[in-house]
Amino acid sequence: MKLPVKAAILCVAGTLSIGAASADDLIPGVARRLTTAQYTRVIADTFGPTIKIGGRFDPDVRIDGLIEVGAAQVSLSSTSLAQYDAMARSIATQVLNEENRVTMLPCQPASATAADDACAAKFLSRVGASLFRRPLTPVEIAHQVKTAATATEKVKDFYQGLSLTLASMLTAPEFLFRIESVEADPANKGGYRLDDAGKATRLSFFLWDGAPDAELLRAAQKGELDTPRGLDKQITRMMASPRLKDGVRAFFDDMLQLAGMEDVMKDGTLFPKFNAQMTTEAREQTLRTIVAVVTAPKGDYREIFTTKKTFLTAGLASIYKVQLPFDAPIGAPDYWKPYEFAQDDPRAGILMQTSFVTMNSHPGRSSPTLRGKALREVLLCQKVPAPPADVNFTIVQDTSNPIYKTARERLKAHAVNPVCAGCHKLIDPMGLALENFDGGGSYRTAENGVKIDTSGEFDGVKFTDGAGLGRVLHDNQAIPSCLVQRLTAYGLGRTPAKNEAWVEALKAAFAKDGYNVPALMRSLALTPEFYRATPTEIKAASNTH
Amino acid sequence: MNRNAISRAGLGRVLTAAAVFALASTGPAAAKESRSYVLAYFGHAVASKEGDCQGGLNPKLDIQYAKNMQALGMPGAEIEKLMKNFGDEGQSWDKNKIGQIMNTRARVNGEAENTFAHPAAVADANLKYVTGKVAKGFNLDGAADADAFADPDTGEKGIDNQVFRALGCVDPFRGTLASGTAFWLFMWMAEKDSMPAWLITVEGDDLSKDGPVDVILSRAIEVTKFNANGEARADMTYRQDPDPRMKANVFKGEIKGGIVNVASQANLHMMQDQLTFPNFDLANFHLRLTSDTEGRMEGLIGGYQPIEQVYFALGQGGLAAENNYSPELPGMYHLMRKLADGPADAQGQRWSISTAYHIKAVPAFMAVKDTGATAKASENTANR
């Protein structure tokens, strides 16, 4: 039996909870707050890219390495609600201003100063389906139309009345949160699965990082997503869309924690080439590199650690000290060019790109420890304990130490302390492999006049430099295993329990498919467990009430 | 040897460690080694010293303007009355009597004309000029004339830099290579973000050794890019402006003792910025650049420049420019005409004057033609 969606969002005392009108008919689902990127994309998909979004978003929260997991566990503060409200009013005003209303409205009101329920209904039902990721019910449409009519009556302006109603929809929980509602799962007695709208939403944000399109909503409404054939058809269609690259980008941006580039600051004296523009471009370079590798026919995920191919702007090329073919028209801004490093160039793969080495460095110096820690946590899904509170970092930070001239020497001296030694033994060798790249991303061979030793060992395999480390990671099974774990958590909005059989099966399929990420996404999207709200999940959601 | 010069071994180290190479051509002749740079600073080469202006510096604006009014035949009492209000910035133009008078002190056929458009038609204020013995620049005529300068660092005699001599007793035009002049620091700051970058390319068989080289000056489509700290950004890629007017700027030179030298009889023609030199010409083009351990270049370019170009870089700002950095712009024109040492025309008139500019440049790439394919690192860049 299909259960009606009854999850309701109650704003109480400035925090948002998932609950129901009464405790008896509580049917929880998974609710994920739209990330900044998703909010922006949904607005662009609904109203076009010219609508400006002004205002500050609450910071996204990262849990278990992913913002997408954190998004399922965050609420709204009263302050952020005020920000969302301001953004909503601004967007609604733009959508229905004199310049845009002709294209935004599917009809013309009978009078510009009086309510027109038919026209309002047309607009609100179309826009509502896009914003709420599901068709509005007749009751909901009637409610919104009535609101618009009341507002129009007060302000004596059809467009302004409609604008106020639209603004209220843009602050509705159904818009700000992806509410993946559930129904009883016939294949899992006593359990629940996502209902049609919930499936469409999960699928769309997973594959496209955006709201479902009209065709997916139609298929969901017809119940086609409940059949393997119908589901397969929609997934195949969506995988063939160019929007798949948006989904791939969004996942890797989240997994590699590239949002951290927004906070990267460098000492302009030490790293003069690194400015605010580089933080944006470095992040984009890595995403372009990854998307090109993994979405290529038979693209192998592991090659992101070894590829010589990338994309550069003139600014990034100056950091890499390479010549960029450049033939834009006069007056054209810097633009992206595909580029391939020479075989004997020290750079290969994303780990030696400006994003990774600068993000995992300090403002004034490189950090083998931060880099090694990021490699362990981000790419290998391992947890590195935080350092004890009373550690003395003096030697490590003293880059002009007359005795310990390289980072390796300083870390060795620092790790004499047995409290520190354990972790550093785990994280430093990989980080030291990247010491040829300073805190600003530039290549160097020596530090304080001493040749940098980048040799090391990981899992019993030796390497001599960063490129060698990339090859070692390419061949290590923990790398694709972690990718599967992260992608699954990204799609579900929660980290799956350890060694769940279906996740293990996905890992095997990933290897069989040549570590092809789109194939893995397809496999995951076709797995019934992907849409199953497990008892654990329900319990977790219930606890947020 | 110039104290800024680096050793030959030092240049070799620079080439392998920090310099960048451009392979603009792909034909068989591409065996030549090529290094490109982008202009990072530009200004007059100066070497002012205490006491190098006999009788002191030229007077400040208020004193000079009073003299100018006197030269125009105005009664002393009226001048005194007007000068009481001098410098009152609250005055509007219609009340700015001094400004109006100074703006039209040229006389053409007895009629008042714009002072700054007609400097030769303004009475010569007989400004003071540099009487010191040292200046930066080049010996352009090959002669060690008694009235020529000597280089303050190397002692080289016969340095021809009459622009320095003409302008060097006006405060904003005084300074040293290290300090720059107030005028050029301001002008460079104003034009560096809008002026298409100048590119300098050095080509030779082996740039780590002494020997003949070609030095090519050209202009980019882009402006020079700068780092967050205000210094020109090294290793950027620039597209060459295909404007044929700058195609001929290829000069034979040599690397000697780690210094790139050009001592040419040929002419340089560049285009710069509307603010200073829409056209920039130097006859008998000379260049001397040294490289530091980061691969950056610094040195001088010089030659005989049309006086008109030098003057209008100063004078096109009109009254505002005169108020800001010179007490007497037409006076500077007259000085340059009197001190001109360029080739004489058939009437014996000299319309160009020796000069030198202090320049800095950082390594850059010249863009190769985009073929649409994925670019690959050239062998040179990979092995740098």
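Bear in mind these aren't lab numbers, they're just calculated from the coordinates by the rules spelled out. Everything quoted here is computed from the prediction, not taken from an experiment. Virtual Cβ from ideal backbone geometry, glycine too; neighbours counted across all protein chains shown.
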| task | Before anything else, pin down the relative contact order of chain A: Cα pairs under 8 Å, at least 6 apart, normalised by residue count, whole percent. | result | 15
| note | Rounded to the nearest Å, the spacing of the alpha-carbon centers of segment B:52-104 and segment A:467-514 is 82
| query | Tell me which lysines have Cα within less than 24 Å of A:LYS156's Cα, excluding those fewer than 8 residues away on the same chain? | reply | A:LYS122, A:LYS146
| From the backbone phi of segment A:105-114, what are the Karplus-calculated ³J(HN,Hα) couplings (6.51 cos²θ - 1.76 cosθ + 1.60, θ = phi - 60°) in whole Hz, Gly and Pro given as x? | 8, x, 8, 10, x, 4, 9, 6, 10, 10
| field | Prolate/oblate/rounded call for segment B:112-205, Cα gyration tensor, a/c under 1.5 rounded | value | oblate
| What's the local net charge at A:GLY70, with K and R +1, D and E -1, over the other residues with C-beta under 12 Å away? | -1
| Unit charges on C-beta of K, R, D, E only; dipole of the protein assembly as shown, Debye | 1660
| note | Shielding of B:224-234 by other chains, given as the mean Cβ count within 10 Å, works out to 5
| request: Please go through segment B:298-372 and write out the trypsin sites (Lys or Arg not before Pro) that DSSP classes as loop and that have at most 13 other C-beta atoms within 10 Å. | output: B:LYS369
| Is segment A:370-454 rounded, prolate or oblate when judged by the Cα gyration tensor, a ≥ b ≥ c being the square roots of its eigenvalues, rounded requiring a/c under 1.5 and prolate requiring a/b larger than b/c? | oblate
| said: Give me the inter-chain shielding for A:337-349: mean count of other chain Cβ atoms within 10 Å, whole number please. | reply: 4
| query | Given a cut-off of under 8 Å on Cα pairs at least six residues apart, what relative contact order in percent is computed for chain B? | reply | 26
| field | Anisotropy class of segment B:253-345 from Cα gyration tensor, a/c 1.5 cut | value | prolate
| In the protein assembly as shown, what % of DSSP beta bridges are antiparallel (nearest 5)? | 95
| note | If every Lys and Arg gets +1 and every Asp and Glu gets -1 at its Cβ, then about the Cα centre segment B:274-370 yields a dipole, in debye to the nearest 20, of 120
| Quick one: what Rg and Dmax do you get for segment B:37-191 from the alpha carbons, in Å? | 19.1, 59
| said: Can you compute the charge dipole magnitude of chain B about its Cα centre, using +1 on each Lys and Arg Cβ and -1 on each Asp and Glu Cβ, nothing else charged? Give it in debye, rounded to the nearest 20. | reply: 340
| note | Placing +1 on each Lys and Arg Cβ and -1 on each Asp and Glu Cβ in the protein assembly as shown, then taking the dipole about the Cα centre, the residue among A:LEU96, A:LEU324, B:PHE312 whose Cα reaches farthest towards the positive end is A:LEU96
| note | Under 19 Å by backbone N from the virtual spin label 7 Å along Cα-to-Cβ at B:THR293, the residues of segment A:403-419 are A:403-407
| Among B:HIS44, B:ALA178, A:GLY191 - extreme Cα towards positive end, dipole of the protein assembly as shown, charges at beta-carbon | A:GLY191
| query | What full-extension length gain, to one decimal in nm, is calculated for B:LYS209 and B:ASN323 as 0.36 nm per residue of separation minus the Cα-Cα distance? | reply | 36.0 nm
| Considering only the other residues whose Cβ falls under 10 Å of the Cβ of A:LEU256, what net charge follows from Lys and Arg at +1 and Asp and Glu at -1? | 0
| query | How high is the relative contact order of segment B:226-272, in percent, counting Cα pairs under 8 Å that sit 6 or more residues apart? | reply | 29
| remark: Going through A:LYS373/A:LYS512; A:LYS189/A:LYS222; B:LYS32/B:LYS225; B:LYS49/B:LYS136; B:LYS67/B:LYS128 one by one, the pairs whose alpha carbons sit over 19 Å apart turn out to be A:LYS373/A:LYS512; A:LYS189/A:LYS222; B:LYS32/B:LYS225
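Rounded to the nearest 500, what is the protein assembly as shown's calculated 222 nm mean residue ellipticity when only DSSP H runs of at least 4 contribute -39500 (n - 2.57) each, over all residues?
Helices in the protein assembly as shown give a 222 nm mean residue ellipticity of -11000 deg cm²/dmol.
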| request: For B:ALA364, enumerate residues with amide H under 5 Å from its amide H, sequence gap 5+ or separate chain, H modeled in the peptide plane. | output: B:VAL20, B:SER36, B:TYR37, B:VAL38, B:ASP235
| remark: With label points set 7 Å from each Cα along the Cα-to-Cβ direction at B:MET83 and B:ALA182, the distance between them in nm comes to 2.0
| How big is the protein assembly as shown in terms of Cα radius of gyration and Dmax, in angstroms? | 35.8, 112
| query | Could you state the number of Å between the C-alpha centres of segment A:213-239 and segment B:140-203? | reply | 74
| Between A:TYR335 and A:ALA240, what is the label-to-label distance in nm when each label sits 7 Å out along the Cα-to-Cβ direction? | 3.0
